[in-house]
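Here's the structure we're looking at; comments come further down.
The values are calculated or read from the model by the stated rules, or taken from the named source; none is laboratory data. Everything quoted here is computed from the prediction, not taken from an experiment. Positions of Cβ are generated from backbone atoms using ideal geometry, with glycine treated the same way; all protein chains shown enter the neighbour counts.
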């Protein structure tokens, strides 16, 4: 187990190092979608109500709509722009995402076309200049920032910000260093970001949905094994904890630091804290365990129920992450099938355990009655 732990930590360190070597641009281009965007931060010395972040979007003249989001996925602060038939530009601030259409919010005034700059068809290219304040409610554009972009070939249904938009044709994520502009490494940055996020997803899935349930199964259904306590403790200490630390380190660098901008990140922090609290309570339970006790102490009850709560929260955490990344629905279905199978196995083993306990209790009661008759 120690060898596995070391390999996991080295893997996380290598990915983090690769990521740090690739960011360094305020511009991103995708050749498949023929979509580029440039982001310029304001002067730090300006007052907050004058710190406008300027966006420049460029694509082919037949583009349907262009989108750029603050964060990893389409579920956060999403800005959409498109060219209308009359030559005007529509800006739409939206939220929400996979699997549903992002809906227009009540804060359309967040977005403005940049004054004194022409947006529209320029030299047979669609160019749109718009701006928003660096800090808008709970959305902040940092110097090193994660962006989700999207491109669609189909035009929206109308000229209004709340017009219906169809699903994107292309989408991706990129982390840009908006301060160190001029080094165009955004393509490799995007590729590295995707690898980091996929690594984070796989590592966390193994930790929360494979090894942690395995530790629960051992504690609940394998108590007849002489070394079940060591196995239960070892799975958490040498597998779950290193995986969670590695997965957290990867995503910390991937998104540009510690963030609580969406439910997935908030719940991830809660799970991280609860995991170490659970292990601490487990150590207390083990140290104070009395095989001749007449009642179950409160820390044992807390250990059991906190473990169940962690598994339940982890089950809900995975779909939040998939939605944030914009995963295909087939991934959701595979996950739901997996969870269903695990729950069914748990229920079957629970029923079997109850049946065995009832039989043992009945047998003990029969023996006591026989001894009393003698």
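Scanning the range 124-157 for residues that are in a loop (DSSP other than H, G, I, E, B) and either at pLDDT below 85 or farther than 13 Å from residue 80 by Cβ (or both) turns up 124, 134, 137, 138, 141, 142, 143, 153. Residues in the range 88-107 that are within 20 Å of residue 155 (Cα to Cα) and modelled with pLDDT under 90: 94, 95, 96, 97, 98, 99, 100, 101, 102, 103, 104, 105.
Out of the residues in the range 64-80 that are modelled with pLDDT under 90 and in a strand (DSSP E or B), state the one that is surrounded by the fewest Cβ atoms within 10 Å (Cβ to Cβ). Before the answer, list the steps.
Let us first name the residues in the range 64-80 that are modelled with pLDDT under 90, namely 69-78.
Narrowing further to those that are in a strand (DSSP E or B): 69-70, 77-78.
Details: 69: 26, 70: 20, 77: 24, 78: 25.
Step by step, filter the range 64-80, then rank; the result is 70.
Residue-level analysis places residue 44 outside the set of residues that are in a loop (DSSP other than H, G, I, E, B), more than 27 Å from residue 253 (Cα to Cα) and either modelled with pLDDT under 90 or assigned by TED's automatic domain parsing to the domain that holds residue 177 (or both). The residues on offer are 312, 327, and the sole one that is without any contact (Cβ under 8 Å) to a residue 24 or more places away in the chain and within 23 Å of the chain's Cα centre (by Cα) is 312. Of all positions in the range 123-130, none carries a residue that is in the same structural domain as residue 41 (by TED's automatic domain parsing) and under 27 Å from the mean Cα position of the chain (by Cα). Scanning the range 33-63 for residues that are surrounded by fewer than 18 Cβ atoms within 10 Å (Cβ to Cβ) and closer than 15 Å to residue 153 by Cβ turns up 34, 60, 61, 62.
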